[in-house]
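Visitor: First the structure, then my questions, so here it is.
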Amino acid sequence: MARSNKQKAKKKAPVASRAAKSSLKVSRKESAVVTPLAFLDEKIRSIATIGENRENLALLSKKKHDYDLGRHVVDLMKEYPNHSVCIYNGSPQLLTDATTLVPHLGVILVPDKKLPPKYIAYKNKHGENAVVLKDMTKAYGMRWNSVAPGVYFLTSSQRKTKTSIKAMDEESKVLEEHLELFSRRPSVDWKLNKHGKLDVRFVNFTVPDKNGEDIYESFDKDGDYNLQSYVDEFLETQELGEDRREDVESAIRQAFEDKRDEIIEEMKLLKSEGFDEELLESIKTIKIYPKGTPADAKSRMMGSYYGNAHAVL
């Protein structure tokens, strides 16, 4: 009889063990709910960096930075529902001592769960007006890689080994430093002036000097000079005669027309891919700095195309 009771007791033990396992599973599930995207912090090193030289990237890669990214992304998804959260490594800021690099993550929030425009931009040499757009996947092996529902990291399939970096010419290295993710802010970039034309405020232009060599200069409508006084100063500085005034003024006017034509082509391109004025204007941007970054080391500037961040974390 006693032996029979022992056998019954042994049979009950597995039931208790299953209950304990069940309790453990619930505990793990509850823990996951608290920080559902904590794993993102472990994947930060896979995020591609836009617009930085290899030496700076090598310095940054030696140190792990605590962004508390999982928590920030959860908060952003709550604040911006139905937005995709697209994260990239921004070019580190250089502090005034010229030695300290301040890393940060850029976040692009796009409505309707869309991805940002797929283009990377750079300007021609000498700061000419034309912005060159390239498909970031075809040209640089970059794409938005899904790491969680609605969350994307910018990643690159092009591995930069020591051998491949040594093989790069100087022009390629300089170009790589000036790459930026491309977009437009219609309220800023597509405004019309009183004549109904695109309100371009700044252009670069070229005119030949007295020896036939190109002079590269720029004109800013919001600067200290109107066109006439600017040309007066330009002719004097470049030691050009009054007979060259029309050449200079014509070059500046043509530069404005060329810039407007370029913007119109960009508008057509973006609209053909579903990015109309309303959608582009609705895109939000965030900058995330590592924990402990001093307030005076933070900046709102995202870049030439996304402008200032809507928030800095």
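Visitor: Suppose every Lys and Arg Cβ carries +1 and every Asp and Glu Cβ carries -1, with no other charges. What dipole size does region 202-267 come out with about its Cα centre, to the nearest 20 debye?
Guide: The calculation lands at about 120 debye.
Visitor: Taking a 31 Å limit on the Cα-Cα distance, which of the listed pairs Lys78/Lys259; Lys138/Lys268; Lys113/Lys298; Lys138/Lys298; Lys114/Lys291; Lys78/Lys271 fall beyond it?
Guide: Lys78/Lys259; Lys138/Lys298
Visitor: Restricting things to alpha carbons, tell me how big region 235-302 is in terms of Rg and Dmax, in Å.
Guide: Just the Cα atoms of region 235-302 yield Rg and Dmax of 21.5, 60 Å.
Visitor: Trypsin sites (Lys or Arg not before Pro), restricted to region 207-267: which are DSSP loop and have at most 13 other Cβ atoms within 10 Å?
Guide: In loop regions of region 207-267 (DSSP not H, G, I, E or B), the sparsely surrounded trypsin sites (Lys or Arg not before Pro) are Lys210.
Visitor: Counting other Cβ atoms within 10 Å of each Cβ, which GluC sites (Glu not before Pro) in region 253-306 have at most 12 and sit in a DSSP loop?
Guide: Listed in order of number, the matching sites are Glu273.
Visitor: From largest to smallest, what semi-axes in whole angstrom does region 202-267 give when each is the square root of 5 times an eigenvalue of its alpha carbon gyration tensor?
Guide: Largest first, region 202-267 gives 23, 14, 9 Å.
No lab work stands behind these numbers, since they all come straight from the coordinates. The shown structure was predicted, so the numbers you read here are calculated from the model rather than taken from an experiment. Using ideal geometry, Cβ is built from the backbone for each residue, glycine included, and neighbour counts are taken over all protein chains shown.
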